[in-house]
Amino acid sequence: MDWISLIWLLFLLSAMLPALRQWLLERAREAAIREIEQARHSRVITLIHRQETISLLGLPLSRYIDIDDSEDLLRAIRLTSPDTPIDLILHTPGGLVIAAEQIAHALLRHKAPVTVFVPHYALSGGTLIALAADQIVMDPNAVLGPVDPQIGQWPAASVLSILEIKPLASISDETLILADVARKAVSQVCNTVAEILMGNGMERERAETLAQVLSSGRWTHDYPISVEEARAMGLPVSSEMPEAIYRLMSLYPQPRQRRPSVQYIPVPYRRDERPTRGEVA
């Protein structure tokens with residue numbers, strides 16, 4: 001084999017290597033999903049958003065819940081028999097309200113039990129989806145978030161607050177239009193959350209109160225709702241996360257363009273192997 005042929009062979013192998021790695025990763029994910037399904041006798045669906053990379057430019061691309069997600073997830077639910085439980089693994093910063101609402105209502109209509117697993121976070125629209133589950137299983141350090149709507153880059157509740165602190169005559173027409181849209185958005189999301197909670201058996205008064213808390217802009221949009229706070233709200237939250245869920249999540253790594261920020265030896269340590277707080281190594 002001459003040098004030119006060897007160079008071409010190396011070039012072809014290097015071009016095929018990313019595709020081979022992705023194929024192997026997909027097979028590993030399918031095997032992990034099958035393992036959970038067999039153990040729990042359920043249909044496992046994942047809605048996992050990681051920051052991805054545009055292959056041409058190498059730029060980060062943030063993912064969020066969109067219409068494509070709702071179409072795929074609704075199809076998965078349709079392919080699941082009514083007597084088969086659904087396990088939905090959620091890892092998302094949120095996204096389009098209409099897509100999250102479609103998914104939540106589809107889960108509510110499923111006759112068998114629905115469990116949502118939150119290993120790290122399910123914010124905004126992710127929380128809206130989680131509210132439709134019969135049970136929410138969260139890692140002890142995982143969080144949910146408020147579902148208050150956003151108008152463009154602004155929280156709807158903050159846009160509405162302008163009407164309370166400034167005379168109408170001093171507010172621009174554009175801001176008044178945004179405030180009108182914001183009022184409608186808050187009302188719509190509040191009604192949707194209450195409807196979802198009542199669909200899961202929560203009494204009307206309690207559901208409407210909780211819907212108001214989650215959608216009215218009481219907190220900033222990135223406020224973390226912990227396991228304890230979610231339980232105090234009356235949500236059906238458990239912290240018994242199966243190890244198989246963590247193993248599956250490890251198969252969705254963030255693309256790494258630089259040195260990783262977090263490093264550790266990826267094996268479990270026993271009590272007698274490492275010094276504890278206050279001890280000297």
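In the range 155-183, what residues are exposed (fewer than 13 other Cβ atoms within 10 Å of the Cβ) and under 26 Å from the mean Cα position of the chain (by Cα)? None - no residue of the range 155-183 is exposed (fewer than 13 other Cβ atoms within 10 Å of the Cβ) and under 26 Å from the mean Cα position of the chain (by Cα), so the list stays empty. I'd like the full set of residues that are surrounded by fewer than 14 Cβ atoms within 10 Å (Cβ to Cβ) and closer than 15 Å to Pro155 by Cβ, limited to the range 214-241. Within the range 214-241, Arg218, Thr220, Asp222 meet the criteria. Annotation for the range 56-73: at least one member residue is within 15 Å of the chain's Cα centre (by Cα), at pLDDT 90 or above, buried (at least 17 other Cβ atoms within 10 Å of the Cβ) and assigned to a strand (DSSP E or B). Scanning the range 115-139 for residues that are surrounded by fewer than 23 Cβ atoms within 10 Å (Cβ to Cβ) and touching a helix residue (DSSP H, G or I) at 6+ places or on another chain (Cβ under 6 Å) yields a single hit, Pro119.
For the condition over 17 Å from Arg63 (Cα atoms) and of a type in the set (Gly, Ala, Ser), what is the one hit in Ala106, Ala100? Going through Ala106, Ala100 in turn, the sole match is Ala106.
When Ala100 is tested against (1) in a helix (DSSP H, G or I); (2) more than 15 Å from the chain's Cα centre (by Cα), just one condition goes unmet, and that condition is (2).
Highlighted here are the helices (runs of 4 or more DSSP H) found entirely within the range 180-260 that include at least 2 residues which are touching a helix residue (DSSP H, G or I) at 6+ places or on another chain (Cβ under 9 Å) and of a type in the set (S, T, N, Q): 204-215. Listed by first and then second residue, the pairs linking a residue in the range 3-26 that is part of a helix (DSSP H, G or I) to a residue that is modelled with pLDDT under 75 and open to solvent by less than 70 Å² (accessible area, probe 1.4 Å), with Cβ atoms under 7 Å apart and 6 or more places separating them unless they lie on different chains, form an empty list. Count of the range 103-123 residues, restricted to those that are in a helix (DSSP H, G or I) and closer than 15 Å to Asp69 by Cβ, is 5. Just to be sure before I move on: is Asp148 of a type in the set (Asp, Glu) and closer than 22 Å to Trp219 by Cα in the structure I sent? Spelling it out, Asp148 is indeed of a type in the set (Asp, Glu) and closer than 22 Å to Trp219 by Cα.
The values are calculated or read from the model by the stated rules, or taken from the named source; none is laboratory data. Here the structure is a predicted model, which means the values were calculated and not measured. When we count neighbours, we look across all protein chains shown, and the Cβ atoms used for this are built from the backbone with ideal geometry, even at glycine. Heavy atoms of the whole protein, side chains included, go into the accessibility calculation; ligands, DNA and RNA do not. Shrake-Rupley method; radii C 1.70, N 1.55, O 1.52, S 1.80 Å.
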